[in-house]
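What follows draws every value from the coordinates through simple rules; no lab data is involved. Every value quoted in this text rests on a predicted model; they were computed, and no experiment measured them. Counting neighbours? That spans all protein chains shown, and the Cβs are built from the backbone with ideal geometry, glycine included.
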Amino acid sequence: MPRQFRKKPRGRPIDGWLIVDKPSGIGSTDVVNKVKRAFDAQKAGHGGTLDPLATGLLPVAFGAATKTVPYVMDGTKTYRFTLKFGEARDSDDADGAVTETTDARPTDDAIRAALPAFIGDIMQVPPIYSAIKVNGDRAYDLARDGQTVVLEARPARVDKFELTDRPDADHAIFEVQSGKGVYMRSLARDLAKAVGSLGHIAALRRLSVGPFKESHAVPLDSLLVSGDTPPPSLDLLLPLTTALDDIPALAMSEAEAARLQFGQAISLVEFMGRVPDAASPSGGIIRAMAGERFVGLCRLEDGMCFPERLMAATETGH
């Protein structure tokens, strides 16, 4: 029997987060591929898709940071978008084809009166040009093939939805703070209908993702290298734990950390007086720390601390 050799991964083993300021006109996956090549990184992924039309924060995870992507995607996000009244489009943004028009234009007072219905726990029908699967196929693939796509309403959480500017009768600018899986295109479409008009997103920018802010962002163009230009500096990367700043930390000894890394659950009685008040004992996630070392993420349940997403001993940052 011939011996099986594991193929050596290409690129450098880099761990950490890069917050890219994505320009309009490029998809999130294309951004990740460009940045991965620029840094010559072995492994990369992103923390939440942005539509090609959109600009703003696209967190890119390298190496061990990819393990924390789901927790970034669960974080609160802030957006600013411009709603154009008078035209419905099949994609619910300016990249789509016009499907219907109207001369109706709402007043500022009518817009403000409609906003409370879209704040809190709401039900939202995603755009047909979205990555949601319908019988195994992506909705956007079916829509591009000319098939009729019917998507069910799904729960969404919107914490803030404010009218911030009204440049003219055709346009209104909003700021939104929301949880995971809220579609700005659907908010724009549904608000326009609620005020007796039609509308779509003309411009969209993501301002924050969890703990990541615009001050962390690096323009994509400044990262792209060519020819013999050296890769961008690793100083641009944030430690992987930066993404978890909002998760309560539980201090533990190296011996306790070793037990977790062997897959053992530990009774919360052993952590008496150390469990942070902000951690929910019923399914809450905590950040296990052995001194300054990030051990991993654990779940608290039934009086126990269960290992959920642990780091290898070498995966401590970049």
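The table below gives the values:
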{"item": "All lysines inside 26 Å of LYS67 as judged from Cα atoms, apart from same-chain residues fewer than 8 positions distant", "result": "LYS7, LYS8, LYS22, LYS34, LYS36, LYS43, LYS77, LYS133, LYS180, LYS213"}
{"item": "Contour minus Cα-Cα distance for ALA194 and ASP165 (0.36 nm per residue)", "result": "8.6 nm"}
{"item": "Efficiency of FRET from Cβ geometry, GLU292 and MET123, R₀ 51 Å, rounded to 0.05", "result": "0.70"}
{"item": "Value of relative contact order over the stretch 167-286, rounded to a whole percent, pairs C-alpha under 8 Å and six or more apart", "result": "16"}
{"item": "Which of ASP30, ASP168, ASP93, ASP277 has the fewest Cβ neighbours within 10 Å, and the rest in rising order", "result": "ASP277, ASP168, ASP30, ASP93"}
{"item": "Rg to Rh quotient for the stretch 77-209, alpha carbon positions, Kirkwood Rh", "result": "0.95"}
{"item": "Simple spin-label estimate for ASP302 and SER215 in nanometres, 7 Å along Cα-Cβ", "result": "4.4"}
{"item": "CD proxy at 222 nm, helix term only [per DSSP H run n ≥ 4: -39500 (n - 2.57); per residue of the chain; nearest 500]", "result": "-4000 deg cm²/dmol"}
{"item": "Backbone HN-Hα couplings from phi across the stretch 138-143 [Karplus 6.51/-1.76/1.60, Hz, Gly and Pro as x]", "result": "5, 4, 5, 5, 5, 5"}
{"item": "Euclidean distance between Cα centres, the stretch 83-110 to the stretch 198-277, Å", "result": "37"}
{"item": "Computed E for ASP103/ILE26 - FRET, C-beta separation, R0 41 angstrom, nearest 0.05", "result": "0.75"}
{"item": "Placed amide H near THR76: partners under 5 Å, 5+ positions off or other chain", "result": "GLY210"}
{"item": "Amide H contacts under 5 Å for ALA41, placed H, 5+ residues apart", "result": "ARG12"}
{"item": "Chain lengthening between VAL269 and SER226 when straightened (0.36 nm per residue, less Cα-Cα)", "result": "9.9 nm"}
{"item": "For the stretch 145-153, 3J(HN,Hα) per residue [Karplus equation, 6.51 cos²θ - 1.76 cosθ + 1.60, θ = phi - 60°, Hz, x = Gly/Pro]", "result": "7, x, 7, 6, 10, 10, 10, 7, 5"}
{"item": "GluC sites (Glu not before Pro) restricted to the stretch 99-164 and DSSP loop, no more than 14 other C-beta within 10 Å", "result": "GLU152"}
{"item": "Most positive-pole-ward Cα, VAL195, THR99, VAL134, against dipole of the stretch 77-209 from beta carbon charges", "result": "VAL134"}
{"item": "The chain: projected area of the alpha-carbon convex hull, averaged over directions, in nm²", "result": "22.1"}
{"item": "The chain, relative contact order [Cα under 8 Å, separation at least 6], %", "result": "21"}
{"item": "Mean Cβ neighbour count within 10 Å, used as a protection proxy, ranking 193-199, 63-69 highest first", "result": "63-69, 193-199"}
{"item": "Ranked by how many other beta carbons lie within 10 Å on average, peptides 253-260, 268-275, 180-187 from highest", "result": "180-187, 253-260, 268-275"}
{"item": "Residues whose placed amide H lies under 5 Å from that of LYS160, excluding near-sequence neighbours", "result": "GLN177"}
{"item": "In Hz, Karplus ³J(HN,Hα) per residue of the stretch 69-75 (6.51, -1.76, 1.60; θ = phi - 60°; x = Gly, Pro)", "result": "3, x, 6, 5, 5, 7, x"}
{"item": "Taking only Cα atoms of the stretch 247-310, radius of gyration then Dmax in Å", "result": "10.0, 28"}
{"item": "Ratio of the Cα radius of gyration of the stretch 195-318 to 2.2 N^0.38 Å, where N counts its residues", "result": "1.47"}
